[in-house]
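Participant: I'd like to ask you about the structure that follows.
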Amino acid sequence: MERISFSNQRSKGRAPDELRPVRFTRDYLTSALGSCLVEFGDTRVLCAASIDENVAGWLKGKNRGWVTAEYSMLPASTPVRTKRETYGPKGRTHEIQRLIGRSLRAVVDLNNLGEITMTVDCDVLQADGGTRTAAITGAWLAMHDAFEYWQKAGKIRMNPVFDQLTAVSVGVVDGICLLDLDYYEDSQAEVDMNLVMTGSGEFIEVQGTGERSSFDREQLNSLLDLGTGGLDTLLELQKQALH
């Protein structure tokens, strides 16, 4: 793959601290309790939330609920067909599912659910980088709406979601710190990082890797500051989508 130079300008003219165009389409599916099509530029993820009035065996009798997630990439979501994971999720998929699930659980009062299981399915329709961060951000909206529906139906006393949740990628490409990497930027990044943050400004996850080189404390601080700015913008966009 030919290397793109970011010494002057990013692809599509974005500034280093600029998100791709973000769009949330709530209630995208009529059959789901809560759903959201989330778009980060050309990355599109469909998030759908379902509730099962049951819990796994290890939770039975504890009067406590659970929130989990599943993630998959449709075959045509990438230029080269992605094979379906017919025999169960592979390592990368399993890792992303766990990340989405534990991120969602961090902003839900599981003791205020009763014995139910919330599952948010995140299906990547089109992948252009940042699919896991887009999935987390959209999954929160789908989950929020599903619990709102469950509350209005009289199944629970109150919506157990007590805070917002957003995620974004940051990285270093050609020595420059960038926000919200697309596929080409991510594939050439020296440092790649994913950040997950609550509406109150607390981090749930900081996944950082030196893909092509190590990074120092100054770069780490710059990436965290850059990411926090993007996360704050996403939080505001979520609020706008809700209202």
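A short reminder: the numbers here are calculations on the coordinates, not readings from a lab. Computed from a predicted structure; not experimentally measured. Note that each Cβ is placed from the backbone with ideal geometry, even for glycine, and that neighbours are counted across all protein chains shown.
Participant: Could you give the spread of the C-alpha atoms of the chain along their three principal axes, from largest to smallest, in whole angstroms?
Facilitator: Cα extents, longest axis first: 56, 39, 33 Å.
Participant: Rounded to the nearest 0.05, what FRET efficiency is calculated for residue 81 and residue 26 with R0 set to 35 Å and r the Cβ-Cβ distance? Kindly include the intermediate steps, with their values, before the conclusion.
Facilitator: Working: r = 30 Å, r/R0 = 0.86.
Rounded to the nearest 0.05, the efficiency is 0.70.
Participant: Right, something else. Given the DSSP H assignment, sum -39500 (n - 2.57) over each helix run of at least 4 residues in the chain and divide by its residue total; what's the result at 222 nm in deg cm²/dmol, nearest 500?
Facilitator: Values: 4 runs with 68 residues, N = 243.
So the calculated ellipticity at 222 nm is -9500 deg cm²/dmol.
Participant: Order these peptides, 177-189, 204-216, by their mean beta-carbon neighbour count within 10 angstrom, highest first. Intermediate values should be presented prior to the final figure.
Facilitator: Numbers: 177-189: 21.5, 204-216: 13.5.
Highest mean packing first, the order is 177-189, 204-216.
Participant: Helix 217-242 against the longest principal axis of the chain: what's the angle in degrees, Cα atoms only, rounded to the nearest 10?
Facilitator: 50
Participant: Considering lysine pairs in the chain that are 8 or more places apart or on different chains, how many have Cα atoms under 26 Å apart?
Facilitator: Lysine pairs meeting both conditions in the chain amount to 6.
Participant: Among 231-241, 24-34, 94-104, how do they line up from the highest to the lowest mean number of other beta-carbon atoms within 10 Å? The partial results should precede the final answer.
Facilitator: Numbers: 231-241: 17.5, 24-34: 15.9, 94-104: 20.2.
Highest to lowest by the protection proxy: 94-104, 231-241, 24-34.
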